[in-house]
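The values are calculated or read from the model by the stated rules, or taken from the named source; none is laboratory data. Small disclaimer: the values here were computed from a predicted structure and weren't measured. Every residue, glycine as well, gets a Cβ built from its backbone with ideal geometry; the counts of neighbours run over all protein chains shown. Only protein heavy atoms, including side chains, enter the accessible area calculation; ligands, DNA and RNA are left aside. Shrake-Rupley method; radii C 1.70, N 1.55, O 1.52, S 1.80 Å.
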Amino acid sequence: MAAAGAVATDQEVVRGKRSALFFAAVAILLGLPLWWKTTETYRAQLPYSQISGLNALQLRLMVPVTVVFTRDSVPLDDQEKLPFTVVHEREIPLKYKMKIKCRFQKGYRRALDHEEEALSLGSIHEAEALLAEPEKQAEGSLTVYVISEHSSLLPQDMMSYIGPERTAVIRGIMHREAFNIIGRRIIQVAQAMSLTEDVLAAALADHLPEDKWGSDKRRPLKSSLGYEITFSLLNPDPKSHDVHWDIEGAVQRYVQPFLNALSAAGNFSVDSQILYYAMLGVNPRFDPASSSYYLAMHSLPHVINPVESRLGSSAASLYPVLNFLLYVPELTHSPLYIQDKDGAPVATNAFHSPRWGGIMIYNVDPKIYNASDLPVRVDVDMVQVMEVFLAQLRLLFGIAQPQVPPKCLLSGPKSEGLMTWELDRLLWARSVENLATATTTLTSLAQLLGKIGNIVIKDDVASEVYRAVAAVQKAAEELALGHLSSAFVASQEAVTCSERAFFDPSLIHLLYFPDDQKFAIYIPLFLPMAVPILLSLVKIFLETHKSWKKPEKID
C-alpha cells in the first residue's frame, strides 16, 4: 500500500510539473506575443527618404518668352537666322536650403502679317487692341515685340513699353550685336513682369533669416485657399453724425472686379458692418497752427488693438481676415489727420498694417455743421474711399509697382485694377511659397514621428503625406516646364495635404501616455498570473538541478 501511494504521489508531482510547464509555455509562446501584437502602436509606413530629399530640391522656374521681330528691327543678316531659341538662366542668391533658378526661354521668330500691320500703327493702344489674340495666352508666358528703333509707336525718349496683358514692346537696333543687346533688354523687361529677387524674397520671408530681409519684406499675406474681407464703418459719435455709405454698391463696382481678376489665387468672401461708439485707442493731439487734431506715426500701432476687439470677424474664421476700417472722427476731434515721420499730413489720411488690413480717417466737411442741426447727415464719397482701400489691398497681397528698367513706359492698370502679368507674378510667388511651406511641414512631421515612437500613424495620415510629397514633386516639374497654372494648383494641394497630416488629431492620442502609466495598468493584470507560474518554474528548476547532483546508489 505504501508503494502504491508513493507511485501516486510521484505521478501527481509529474502532472503538476507538466501543467506548470504547459501554462508557462502558453503564456510565453502564445500570450506574450499576442499581447505585444495587440498593444503595439500602429505606425503606417512613410516615405522618409523622399521627404529628406525635398530639402535638396532645386526649383527651376521657367518663363516662356516669345520674341517677335518686325521688319527693320534688326539687321537683315540677323533676320535670316530666325527662328531660334535662346535660354537665359541664373540662380537667385537667397539664403535658403532650396536652390531656386530662374530660366527665361526666349523663342525668336519673325512677325506675322497681322502683327506687322498692328505694330505699324501710330498708337500703342490701337496696336494692343489689334494684337489681341482670340486665344488667351498661357499663364506665366510673355510675348515681346521688337519694333524699329525709329518707330513712332513709342515716344522717342522711351526704349520699351510694358502693357496690361502679357505683352511688351521694345525698340530694336541696327547693330552687329543686335541680338545680344536686345536680349539683355528683353531679360530686364521679362524680369519686371515675372520673377525678380525681391518677389521671391517676399514669398519666402518666413523662411529666410532676419538679417537678410527686413520686416518690409514680410508685408504680403501668406498663401491661403481663401480670404475674408470685412469693411467696417466706425461711428464713435452717432449723436453728431448720421453716416451713410453705399458699401454694397461700392463693392460691386470697385472691389468685386478686382477680386474676380484675383480669383485664381484663392476664394474671397466680403462682408460689412457698422460699429457705433467705437473709439480709437489713442487720444489725438491738437495742433493750434492748423486748428486740427493729428495722430503721429509712432502712435498708429496702438490704434489697432482696441478697435480689433470690437470687430469680432476673425474669431470663427478658417481663413485669413482682412479688415478695412473707415473711421469718422467725433465732433470734438474733428478734423483729424495722420502725420508721417516728418510731421507732414499723409495725403490719403490712411495707413495699413501688414497681414491685418487698413484704416482710413474720413473727415466731415465743416460747412455741414452750419447748415443743419445735429446729428448731421454724412454721405461718404465711396470713390475716394475705395481708391485707398484697393491700393491697400494690392499692398497686402504683395502686388507692388514693378521695378521697370530705365526709359520704360508702364501702362496703367486695367479696369479691374490688376494687370494680367501682375496676377502671374503673384502666382509665381505663391507657388514657391507653397512649396517651401509644404517642404518645411513634411520635414518637421518626419522628424517628430522619428523621435517619438509611440505616436500612432494611421493609414489616412500616411496617405496625406504621400499625396503631399507627390504634389510637391509635380509642382516642381510643372514649374520647370513653365506650366504656371497647374504648378500653382499642385502647390496648393501640397500645402493642404501636408498641413492636414501634420494637424491630424490622431497623432496626439498616445503622445501623453508615458511608460509609468503603462506599468500601472499592466502590473495588476499580469502579476497575479505571473507569480505562480514563475514560482513553479523556479521550483521545477531547483528540483531538477538537485536530482542531477544526487549520486546514484551502487550495490
Quiz item: With charges only on Cβ, +1 for K and R and -1 for D and E, what is the dipole size of segment 119-200 about its Cα centre, in debye, rounded to 20?
Solution: 280
Quiz prompt | Cleavage-rule hits (GluC sites (Glu not before Pro)) in segment 395-478: DSSP loop, at most 15 neighbouring Cβ within 10 angstrom | solution = none
Quiz item: In what sequence, highest mean first, do 322-329, 172-179 appear when ranked by Cβ atoms within 10 angstrom?
Solution: 322-329, 172-179
Practice problem: Counting only C-alpha contacts under 8 Å and six or more residues apart, can you give the relative contact order of the chain as a whole percent? | Solution: 18
Exercise. With a point put 7 Å past each Cα toward its Cβ, work out how far A391 is from K367 in nm, to one decimal.
Key: 2.4
Practice problem: Quick one: grab the alpha carbon gyration tensor of segment 9-149, order the square roots of its eigenvalues as a ≥ b ≥ c, and give me rounded if a/c is under 1.5, else prolate or oblate depending on whether a/b is larger than b/c. | Solution: prolate
Self-check item: Restraint check, K101/K474; K99/K474; K222/K414; K81/K101; K451/K474, Cα-Cα greater than 19 Å
Solution: K222/K414; K81/K101; K451/K474
Practice problem: Towards the positive end of the charge dipole of the chain, with charges on Cβ (+1 Lys, Arg; -1 Asp, Glu), say which of G266, L119, A44 has the farthest Cα. | Solution: A44
Self-check item: Modelled FRET efficiency - R0 22 Å, Y276 with R377, Cβ distances, 0.05 increments
Solution: 0.90
Self-check item: segment 74-208 - Kirkwood radius from inverse mean 1/r over Cα pairs (Å)
Solution: 16.6
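Between A25 and L542, how high is the FRET efficiency from 1/(1 + (r/R0)^6) when r is the Cβ-Cβ distance and R₀ = 22 Å? Nearest 0.05.
0.70
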Quiz item: Would you list H333, H125 from the most to the least accessible area, probe 1.4 Å?
Solution: H125, H333
Self-check item: Calculated Rg and Dmax of segment 407-457 using C-alpha coordinates, Å
Solution: 20.5, 64
Exercise. Determine how large the accessible area of D72 is when every protein chain is in place; take a 1.4 Å probe and give Å² rounded to the nearest 10.
Key: 100
Exercise. Mind jotting down the three principal axis lengths of segment 250-329 based on Cα atoms? Whole angstrom, largest first.
Key: 50, 28, 24
Quiz item: Please state the equivalent ellipsoid semi-axes for the chain: what are the square roots of 5 times the Cα gyration tensor eigenvalues, largest first, in whole Å?
Solution: 70, 40, 18
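Given a Förster distance of 45 angstrom, what is the FRET efficiency for K458 paired with A138, based on the Cβ-Cβ distance and rounded to 0.05?
In this case the efficiency is close to 0.65.
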Quiz item: Taking a probe of 1.4 Å, how large is the accessible area per residue of the chain, in Å²?
Solution: 53
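With only Lys, Arg, Asp and Glu charged, each at its Cβ (+1 for the first two, -1 for the last two), find how big the charge dipole of the chain is about the Cα centre; round to the nearest 20 debye.
On the way: 52 positive and 61 negative charges, 583 e Å.
Computed about the Cα centre, the dipole is about 2800 debye.
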Quiz item: Using only helices, what value at 222 nm comes out for the chain when you add -39,500 (n - 2.57) per DSSP H run of length 4 or more and divide by the total residues, to the nearest 500 deg cm²/dmol?
Solution: -13500 deg cm²/dmol
Quiz item: Ranked from the most accessible area to the least, with a 1.4 Å probe and all protein chains present, what is the order of D504, D342?
Solution: D342, D504
Quiz item: Tell me, in nm to one decimal, what length is gained between R18 and V86 on full extension, where the rule is 0.36 nm per residue of separation less the Cα-Cα distance?
Solution: 15.8 nm
Quiz item: Ignoring ligands, DNA and RNA, what percent of the 1.4 Å accessible area of the chain is carbon and sulfur?
Solution: 57
